[in-house]
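The next block holds one structure in the form of structure tokens; read it before the comments.
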Amino acid sequence: MAEEFKNDPMMKELHQIRAEHSREVKSVRGRRRGRELEEKAEAFVASYGYKLVPTNRGTNRLVKAA
């Protein structure tokens with residue numbers, strides 16, 4: 001931050017808002033990328049006759065598709 005704005009409350013709040021927005025955007029991108037990877041993994045295992053089944057532990061189990 002520039003020296004003349006170091007004690008300016010408006011600039012401090014603006015920087016906080018920008019930092020929060022940056023964290024939110026990063027999180028959304030990560031979730032979107034994660035979902036894309038999950039979809040690709042599901043398609044890949046399906047091409048071999050398997051499917052991913054969610055477990056109670058938050059993981060997936062690979063099982064032969066019926």
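FYI, it's all coordinate maths here, none of it is from the lab. Model, not experiment: these values are computed from the prediction. Neighbour counts are summed over all protein chains in view; Cβ atoms, including those assigned to glycine, are modelled from backbone coordinates with ideal geometry.
Within the range 5-16, the residues that satisfy the criterion of being surrounded by 10 or more Cβ atoms within 10 Å (Cβ to Cβ) and not basic (K, R) are F5, D8, M11, E13, L14, H15, Q16.
Checked against the criterion of being of a type outside the set (D, E) and assigned to a strand (DSSP E or B), the range 34-50 has at least one qualifying residue.
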